[in-house]
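Trainee: If you scroll down you'll find the structure; I have some questions about it.
The values are calculated or read from the model by the stated rules, or taken from the named source; none is laboratory data. The model shown is predicted, which means the values in this text are computed figures rather than measured ones. FYI the Cβ positions are ideal-geometry reconstructions off the backbone, even for glycines, and counts take in every protein chain you see. For accessibility, only protein heavy atoms count, side chains too; no ligands or nucleic acids. Shrake-Rupley method; radii C 1.70, N 1.55, O 1.52, S 1.80 Å.
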Amino acid sequence: MSHLSHSSSLNKVLRQQYLSLPQEDLCLVTYVWIKGVDLHIKTRTMDSVPKSIADIPEWHSSGSPVFEILLAPVCMFRDPFLLDPNKLVLCEVLKHTREPGESNHRNSCNKVMEKVKNLHPWFGMEQEYTLFGVDGHPFGWPRFGFPKPQGLYHCSVGADRAFGRDIVECHYKACLYAGIKIGGINAEVMPSQWEFQVGPCEGIEMGDHLWMARFLLHRVCEDFGVVATLDPKPMKGDWNGAGCHVNVSTVHTREEGGIWHIEKAIENLRKRHEEHLRVYDPHCGEDNKRRLTGLHTTSSITEFSAGVANRKASIRIPHQVAQDKRGYFEDRRPAANCDPYAVTCTIARTCMLEEEDVHELE
Ligand code: ADP
Ligand code: MN
Ligand code: MN
Ligand code: MN
């Protein structure tokens with residue numbers, strides 16, 4: 001089996017001829033939704049171009065064998081594949097009863113974000129991922145044996161150490177075109193591992209933008225014939241895992257002397273370490289057990305820690321933030337395959353919600 005997919009070798013010049021056919025006043029709208037940890041899509045024709053999310057109707061999909069699920073549009077982006085005026089639309093999944101679907105973490109996240117909106121919570125997430133061939137072998141790794149040990153790959157340049165940059169840069173441009181708040185990219189510690197950053201985003205926008213950025217990543221990878229995995233420890237042994245660090249601030253932490261509010265938030269997080277780890281990967285901490293070993297610039301899964309400029313702590317206060325005595329903190333525990341709605345929701349609950357608000361939500 002070849003490491004690139006069959007689809008990726010189809011004739012792209014021919015494809016371009018059809019894609020550039022005029023489409024009159026019609027608009028192709030691709031609905032994107034989350035099912036478990038996977039993304040699903042389907043596309044429909046609308047007879048005018050939607051101006052805002054309010055112009056996009058609900059749709060449905062066959063969810064379970066019995067009942068269909070409802071797709072409720074929540075966020076609209078430009079489509080970097082079918083191009084303007086076509087749209088990508090992120091949807092919340094609802095049951096036929098209109099209750100939130102099982103893997104819909106957005107609904108409850110949004111309720112918490114509404115409660116804390118006066119604090120203007122900002123989040124920035126660092127999504128790490130690893131490229132694989134369709135044969136399940138890490139992209140660019142030798143067929144037999146291993147690449148050179150880690151140490152020369154992080155932020156690297158050169159054909160012998162940066163594997164798959166085309167994908168990373170095309171994804172970057174696709175995100176910008178779509179309207180995603182992508183902040184940057186870099187090569188990671190393990191060969192074929194990369195990172196992109198999304199943010200700062202306020203409140204519910206963090207989950208919306210990161211999920212759509214993940215969709216674009218999988219879709220760009222499909223074009224190139226490779227697969228991006230968010231598995232938090234794709235290769236056993238002396239190879240780094242993949243996380244999704246989340247950076248957090250509020251109006252209080254950002255103003256003068258805000259470090260005091262950061263320290264208060266860290267004390268709250270310390271009390272709820274286990275609870276947070278259950279939320280930080282889709283398998284209630286099991287996935288992160290493989291990654292948070294205390295090795296490979298990770299903290300231990302069993303012990304909470306915090307420190308200035310410390311990349312082996314659960315929570316890191318960046319050097320600059322300690323110096324300015326204001327800014328944000330970084331929670332390094334979320335796994336690459338975490339649900340950003342669940343992660344930002346639980347951080348907002350722990351660090352920003354007052355006791356009485358918590359009771360009201362329950
Ligand atoms: P690292 O040094 O941990 O690799 P990165 O540069 O990869 O840091 O990521 C930093 C992240 O912090 C970005 O996602 C950015 O959006 C986010 N960020 C910066 N300032 C703030 C802030 N005030 N509040 C929340 N997030 C922030
Ligand atoms: Mn980073
Ligand atoms: Mn990183
Ligand atoms: Mn980081």
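Trainee: What pairs come out if I take residues in the range 182-193 that are without any contact (Cβ under 8 Å) to a residue 40 or more places away in the chain and pair them with residues that are more than 13 Å from ligand 2 (Cβ to nearest atom) and β-branched (Val, Ile, Thr) whose C-beta lies under 9 Å away, six or more apart or interchain?
Mentor: Correct list of pairs: 185/168; 186/168; 187/157; 187/168.
For every residue, the table says whether it meets (1) at positive phi; (2) in a loop (DSSP other than H, G, I, E, B); (3) open to solvent by 80 Å² or more (accessible area, probe 1.4 Å); (4) touching a Cys at 6+ places or on another chain (Cβ under 9 Å).
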| site | (1), (2), (3), (4) |
| --- | --- |
| 111 | no, no, yes, yes |
| 118 | no, no, yes, no |
| 125 | no, no, no, yes |
| 131 | no, no, no, yes |
| 136 | yes, yes, no, no |
| 141 | no, yes, no, no |
| 146 | no, yes, yes, no |
| 153 | no, yes, no, no |
| 168 | no, no, no, no |
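Trainee: Which of (1) within 16 Å of ligand 1 (Cβ to nearest atom); (2) over 27 Å from residue 82 (Cα atoms) is the odd one out, the single condition residue 127 does not satisfy?
Mentor: (2)
Trainee: Also, quick follow-up: Go over the candidates 210, 216, 277 one by one and state the one that is within 15 Å of ligand 1 (Cβ to nearest atom), modelled with pLDDT of 95 or more and among the hydrophobic types (A, V, I, L, M, F, W, C).
Mentor: Sole residue among the options that is within 15 Å of ligand 1 (Cβ to nearest atom), modelled with pLDDT of 95 or more and among the hydrophobic types (A, V, I, L, M, F, W, C): 210.
Trainee: To continue, here is another question. Consider only pairs whose beta carbons are under 7 Å apart and that are at least six residues apart or on different chains; among these, list those whose first residue lies in the range 162-176 and is under 15 Å from residue 186 (Cβ atoms) and whose second residue is in a helix (DSSP H, G or I).
Mentor: Here the result reads 167/220; 167/221; 167/224; 171/216; 171/217; 171/220; 175/213; 175/216, each pair linking the range 162-176 to a residue that is in a helix (DSSP H, G or I).
Trainee: Please determine whether any residue of the range 196-219 is in a loop (DSSP other than H, G, I, E, B), of a type outside the set (A, V, I, L, M) and either within 15 Å of ligand 3 (Cβ to nearest atom) or under 12 Å from the mean Cα position of the chain (by Cα) (or both). Can you show your working first?
Mentor: To start, the set of residues in the range 196-219 that are in a loop (DSSP other than H, G, I, E, B) comprises 203-204.
With the extra rule that they be of a type outside the set (A, V, I, L, M), the set shrinks to 203.
Narrowing the set further to residues that are either within 15 Å of ligand 3 (Cβ to nearest atom) or under 12 Å from the mean Cα position of the chain (by Cα) (or both) leaves none.
No, that holds for no residue.
Trainee: Within the range 249-355, considering only helices (runs of 4 or more DSSP H) that don't extend past its boundaries, which have at least 3 residues that are open to solvent by 60 Å² or more (accessible area, probe 1.4 Å)?
Mentor: Values: elements: 251-254, 259-271, 273-279, 286-291, 319-324, 340-351.
By residue number, 259-271, 273-279, 286-291, 319-324.
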